[in-house]
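Chemist: Take a look at this one; I'll ask things after.
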Amino acid sequence: MADSLIPDDDDAIDLKAALEERYLAYALSTIMHRALPDVRDGLKPVHRRLLFAMRQLRLEPGAAFKKSARVVGDVIGKFHPHGDVAVYEALVRLAQDFAVRYPLVDGQGNFGTVDGDGAAAMRYTEARLTEVARLLLDGLDEDAVDFRETYDGSEREPVVLPGGFPNLLANGAAGIAVGMATSVPPHNAAEIADAALHLIKHPNARLETIFDPVKGPIRGPDFPTGGVIIESADSMMEAYRTGRGGFRTRARWFKEEGSRGLWQIVVTEIPYQVQKSRLIERIAELLDQKKLPLLGDVRDESAEDIRVVLEPRARNVDPVLLMESLFRLTDLESRIPLNMNVLMGGQVPRVVGVVEVIRAWLDHLKEVAVRRAGHRLEKVIHRLEVLDGFLVVYLDLDRVIHIIRYEDDPKAELIKVFTLTDVQAEAILNMRLRSLRRLEEMEIRREHERLTAERAELEALLADEGLQWDRVAASVRGVRDTFGPKTDLGRRRSTFEAAPAANLDDVAEAMIEREPVTVVLSQKGWIRALKGHVKDFEGLQFRQDDALGMWLHAETTDKLLVLATDGRVYTLGADRLPGGRGHGEPLRLILELDGGVEIAAMVKYQPETTWLIASRIGRGFLIAAEDLIGTTKRGRQAMSPADGDVAFRLVPADGDRVAVLGENRKLLVFPIEQVPTLAKGRGVRLQRYKDGGLSDVCTFPSDVGLVLVARTGRETVYGLDQLTEWLGERAASGRQTPRGAVMIRSKRTTNE
């Protein structure tokens, strides 16, 4: 029995080959029949079948509405054997003016909202075609495109629509296939028409001649929900050239003044495909998480138009800074991708640039125009043949009547007697009796003359490519006039602006809740941030064999500069420090310090200030605060100590004198002008030692004085006139400190 289940060699198939074949078939089906739009009409199969089914139901613009369920039923029953929910969702999207720039379906009923609310069930809503859809379908009865059998062979459907409207670029498209995807943002139809007319006149025109954000035929995307595009012109140019890129889009807002100096921000347009309700929920979440310290409240006052109100926390808040913080954290700014992966000729998926897309559309329009002209020519020739027969028989109507009444085979007799064709004889036999009057002959002759002239025009059109392009240009001009900038539907909704030149540091600070903290660094390098400005550290707990090392008062918006003994300076945000519960975290792990490197100093960054950095052997230099800021975890190399030397001190240079104290307790005071200002380096000699090295260093103003601290903690202030004995030149040895001082600082310097 088991042997009978084993197939013969003739029935055996290779599993790998079978899987590859079947998966490839599935992938091709997904790419061509579901996910990617055709470059010619810009439609996916489901959208094309929806429009065709609605046309068969005579749902023309201005006609009576029909239930959406009727449309969906016809689509899935005749053309598209898929789920009714998916087909209805496609129908709904074609009717949403916030999702589609130029709706193809005119909906009646609840078709969803920009808040993300879904449409009503298909049995409640009604639909019909729009004028845009009519342009796409115009010519289907005139042999404009090829037809094919439907999935069950019972009907015929168009392979592609005539596409008299630039739907791919005007309405955009999005889809995910197998191994590829497409994303085309919507554009302004009048601008596309202008670009197409330029390409008709200049077939070899380059992208630079049809795209310019200021004055070009195509200025950039035009989203149904408006918004402000802040992408640079160079970036957009490259995206349109390659077919890949993106467009940064921001909400449109203005500052609304209130009474007594109060004001609020009103958002009137949001980026494309952003759900307003979800956007407001996100802003509310960030408010609860205290990540928007400049924002006080958010309200949705929208009716038919969008109106989202943002209240600042205080009237002195900078509105630009507030909006920049929101743009960074919410979908008030979003990036709309561009990936023009489309079916070229209905067969080959390719990523193409915007020029190639417009040319493919124009080539399709030309082919449609030629096919419609050929179809019309056939009709004209047939009618002329019939009219020629009518004119012949009108010369002897009595004989015609006699033949029809008395001959057994009147058709054959008519052909024999009057030398007619089969078509002419058949038309005469089908003629109405009331047409047999003298006046009708004059009408036939006028129709014959008119059709003869039309025949000549059509034959000339089919023989001359220039005339064919003239006809295409005329249809494109019709699109431009119908959807021009002076019409409600055609006016541009998205505008272009440069992003405000907001200071990045200010924006980052605006997104942090400003709170006072006390930064504590233990002797073994464990760091934490205590809430508030703590001054009593008696009850502060440390790990075993550890104790208080350094501390400073700061705010969560401050940056800390940490000097390591290898001369690197690391930048650390005070808001990112571990909390005061517990012992904190090792600073070595946070900064990724190399082995053997210790922390030499920790200070608070202050912009536009100067600092004095000194090494253990007494070398140093002045450095600007901006040259100490590092942008990476590896920090910034400020000092380059050599020969076993290490970075040791980092003090503010806020005086005109430098005081240096050696481990040998010798003090030297000299003018600060003798210390060079460098961006980085080893520095110059500050004080010379025979044994030991630097113990302390500071700067102080001459009119303030220097504080000397004894081992007992006693402080004594010395004015410059009292320091005459220790005044000298840089790199001197100095003299012994009075009263055994072991530490020095400026009189106006605090512990912070």
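Chemist: Here is the link list: Lys44/Lys201; Lys255/Lys291; Lys215/Lys486; Lys559/Lys633. Which ones come out longer than 20 Å on Cα distance?
Modeler: Lys44/Lys201; Lys255/Lys291
Chemist: Right, here's the next one. May I ask what percent, to the nearest 5, of DSSP beta bridges between residues of the chain are antiparallel?
Modeler: 95
Chemist: Run through region 652-703 and list the trypsin sites (Lys or Arg not before Pro) located in a DSSP loop whose Cβ has at most 10 other Cβ atoms within 10 Å.
Modeler: Taking region 652-703 and a limit of 10 other Cβ atoms within 10 Å, the loop trypsin sites (Lys or Arg not before Pro) found are Lys690.
Chemist: Here's something else I'd like to know. Which of Val658, Gly644, Gln674 sits closest to the plus end of the dipole of region 629-752, meaning its Cα is farthest towards the positive end, when Lys and Arg get +1 and Asp and Glu get -1 on the C-beta?
Modeler: Of the candidates, Gly644 comes out farthest on the positive side.
Chemist: What distance in nm separates the two pseudo spin-label positions at Gln736 and Leu429, each 7 Å out from Cα along the beta-carbon direction?
Modeler: Modelled inter-label distance: 14.2 nm.
Chemist: Can you figure out the FRET efficiency of Asp408 with Arg383, using R₀ = 25 Å and their beta-carbon distance, to the nearest 0.05?
Modeler: Plugging the Cβ-Cβ distance into 1/(1 + (r/R0)^6) gives 0.25.
Chemist: Can you tell me the order of 267-277, 628-638 when each peptide is scored by its average per-residue count of other Cβ atoms within 10 angstrom, highest first?
Modeler: Listed from highest to lowest mean packing, they are 267-277, 628-638.
Chemist: Label-point separation (nm) for Lys486 and Asp305, each offset 7 Å from Cα along Cα-to-Cβ?
Modeler: With each label placed 7 Å out from Cα toward Cβ, I get 2.3 nm.
Chemist: Taking R0 as 41 Å, what's the FRET efficiency between Phe65 and Glu454 from their Cβ-Cβ distance, rounded to 0.05?
Modeler: The pair Phe65/Glu454 has a calculated efficiency of 0.65.
Chemist: Of His82, His553, how do they rank once you tally other Cβ atoms within 10 Å and put the fewest first?
Modeler: Sorted ascending by nearby Cβ count, the order is His82, His553.
Chemist: Whole angstrom only: what separates the Cα centroid of region 371-401 from the Cα centroid of region 615-665?
Modeler: 104
Chemist: GluC sites (Glu not before Pro), restricted to region 600-674: which are DSSP loop and have at most 12 other Cβ atoms within 10 Å?
Modeler: Answer by residue number: Glu608.
Chemist: Would you work out the charge dipole size for region 545-699 about its Cα centre, treating the Cβ of every Lys and Arg as +1 and the Cβ of every Asp and Glu as -1, and quote it to the nearest 20 debye?
Modeler: 360
Chemist: Per-residue HN-Hα couplings for region 595-603, Karplus 6.51 cos²θ - 1.76 cosθ + 1.60 at θ = phi - 60°, whole Hz, x for Gly and Pro?
Modeler: x, x, 8, 10, 8, 9, 7, 9, 9
Chemist: Compute log10 of I(q)/I(0) for region 94-224 with the Debye formula, placing one identical point scatterer on every Cα and leaving out solvent, at q = 0.09, 0.15, 0.17 Å⁻¹, to two decimals.
Modeler: Rounded to two decimals, the profile gives -0.38, -0.98, -1.15.
Chemist: Take the alpha carbon gyration tensor of region 257-296, find the square roots of its eigenvalues, order them as a ≥ b ≥ c, and report rounded if a/c is under 1.5; if not, report prolate when a/b exceeds b/c, else oblate.
Modeler: Oblate, since a/c reaches 1.5 and b/c is not below a/b.
Chemist: Can you show me the helix-derived [θ] at 222 nm for the chain, built from DSSP H runs with n ≥ 4 at -39,500 (n - 2.57) apiece and divided by the number of residues, rounded to the nearest 500.
Modeler: Here the helix-only value at 222 nm equals -9500 deg cm²/dmol.
Chemist: I've got another one for you. Find which of Trp253, Val742, Leu321 sits farthest along the positive direction of the dipole of the chain, computed with +1 on the beta-carbon of Lys and Arg, -1 on that of Asp and Glu, about the Cα centre.
Modeler: My answer, from the dipole projection, is Val742.
Chemist: Here's another thing I want to ask about it. Which value, in debye to the nearest 20, gives the size of the charge dipole of the chain about its Cα centre, when Lys and Arg are +1 and Asp and Glu are -1 at the Cβ?
Modeler: 3020
Chemist: Between 0 and 90 degrees, rounded to the nearest ten: what's the tilt of helix 465-482 against the longest Cα principal axis of the chain?
Modeler: Around 60 degrees separate the two axes.
Chemist: Let me ask something additional. Against the longest principal axis of the chain, how steep is helix 45-56, in degrees 0 to 90 to the nearest 10, with axes from Cα atoms?
Modeler: Long axis of 45-56 versus the principal axis of the chain: about 40 degrees.
Chemist: Which residues among region 385-403 fall inside the zone where the amide N is under 13 Å from a point 7 Å beyond the Cα of Arg445, along Cα→Cβ?
Modeler: So the set is 391-392, 394-395.
Chemist: Toward the positive end of the charge dipole of region 365-410, about the Cα centre and with charges on Cβ (Lys, Arg +1; Asp, Glu -1), which of Leu397, Val386, His375 goes farthest?
Modeler: Towards the positive end, the residue furthest out is His375.
Chemist: Further question: Determine the shape class of the chain: with a ≥ b ≥ c the square roots of the Cα gyration tensor eigenvalues, call it rounded for a/c under 1.5, and otherwise prolate if a/b is greater than b/c, oblate otherwise.
Modeler: In terms of gyration-tensor shape, prolate.
Chemist: Next question. May I ask you to order 222-228, 700-706 by the average number of other C-beta atoms within 10 Å around their residues, highest value first?
Modeler: Result, highest mean first: 222-228, 700-706.
Chemist: Going highest first, how would you order 609-615, 464-470 by mean Cβ packing within 10 Å?
Modeler: By packing density, highest mean first, the sequence is 609-615, 464-470.
Chemist: Mind giving me the FRET efficiency for Asn316 and Thr716? R0 is 41 Å, r the Cβ-Cβ distance, nearest 0.05 is fine.
Modeler: Computed FRET efficiency for Asn316 and Thr716 comes out at 0.40.
Chemist: Here's something else I'd like to know. List Arg383, Arg543 from most exposed to least, where exposure is judged by having the fewest other Cβ atoms within 10 Å.
Modeler: Exposure proxy ranking, most exposed first: Arg543, Arg383.
Chemist: Another one. Output the 0 to 90 degree angle, nearest 10, between the alpha-carbon long axis of helix 189-201 and the longest principal axis computed from the alpha carbons of the chain.
Modeler: 70
Chemist: Something else about it: With θ set to phi - 60° and the Karplus curve 6.51 cos²θ - 1.76 cosθ + 1.60, what are the ³J(HN,Hα) couplings of region 680-685 in order, to the nearest whole Hz, using x for Gly and Pro?
Modeler: Once rounded to whole Hz, the list reads 6, x, 8, x, 10, 5.
Chemist: Sticking with this one: Assign unit charges at the C-beta atoms only (+1 for Lys and Arg, -1 for Asp and Glu), then state the dipole size of region 44-159 relative to its Cα centre in Debye, rounded to the nearest 20.
Modeler: Dipole of region 44-159, to the nearest 20 debye: 220 debye.
Chemist: For region 504-746, rounded, prolate or oblate, judged on the Cα gyration tensor with a ≥ b ≥ c (square roots of eigenvalues), a/c < 1.5 rounded, else prolate if a/b > b/c?
Modeler: prolate
Chemist: Show me, for region 573-580, the HN-Hα J-couplings you get by feeding each phi into the Karplus relation (A = 6.51, B = -1.76, C = 1.60, θ = phi - 60°), rounded to Hz, glycine and proline as x.
Modeler: These are the phi-based 3J(HN,Hα) values: x, 5, 6, 9, 7, x, x, x Hz.
Chemist: After finding the eigenvalues of the alpha carbon gyration tensor for region 44-159, what semi-axes result from the square roots of 5 times each, listed largest first in whole Å?
Modeler: 23, 16, 12
Values quoted throughout were computed directly from the atomic coordinates according to the rules given, and no laboratory measurement underlies them. Because the structure is predicted, anything quoted here is derived from the model rather than measured. Note that each Cβ is placed from the backbone with ideal geometry, even for glycine, and that neighbours are counted across all protein chains shown.
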